[in-house]
Amino acid sequence: MTFSSFSQPLASHEATFAVQASPSSLATVMPSTLCTQLANATIDQGESQPCKTQITLHLASDISIGLTPANAHILDQSLQSAIGQLEVFTSAYNEFLEFRFNRLSSTGEEYPTRLLLHGMVF
């Protein structure tokens, strides 16, 4: 018994998936720029105000991203040891944001880091 659906190669399906999975570059910024915005967002969210459901960060004059407070906290903690520039990418369906940057270890070694967070692009 032969199944015709299994007789065709999968190459065309793999190529389509690879194109959809490749991230799209949004911007390159300094980690300190995002750390300052994250700190200001935390200050703005005082105890007297209701908890924000989204924190907006401005990457460029025409590009902003939105993160939940929990994801913003993860990003803030991750950027504390970041050096150099930070590249921000978005997934094909704009559901995830990928942050690529270098970090210093406690021994002073530099290593690349990729952080994938749920977020949106404006």
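Read the figures in this text as sums done on the coordinates, not as results from a lab. Fair warning: this is a prediction, and the values are worked out from it, not measured in the lab. Positions of Cβ are backbone-derived with ideal geometry, glycine not excepted, and every protein chain shown enters the neighbour counts.
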Using Cα-Cα distances under 8 Å and only pairs 6 or more residues apart, what relative contact order does region 19-121 have, in percent? 30
So between S25 and Y111, what do we pick up on full extension, going 0.36 nm a residue minus the alpha carbon distance? 28.9 nm
Separation of the H58 and S32 label points, Cα + 7 Å toward Cβ, nm: 1.9
Cα gyration tensor, region 19-121 - rounded (a/c under 1.5), prolate or oblate: oblate
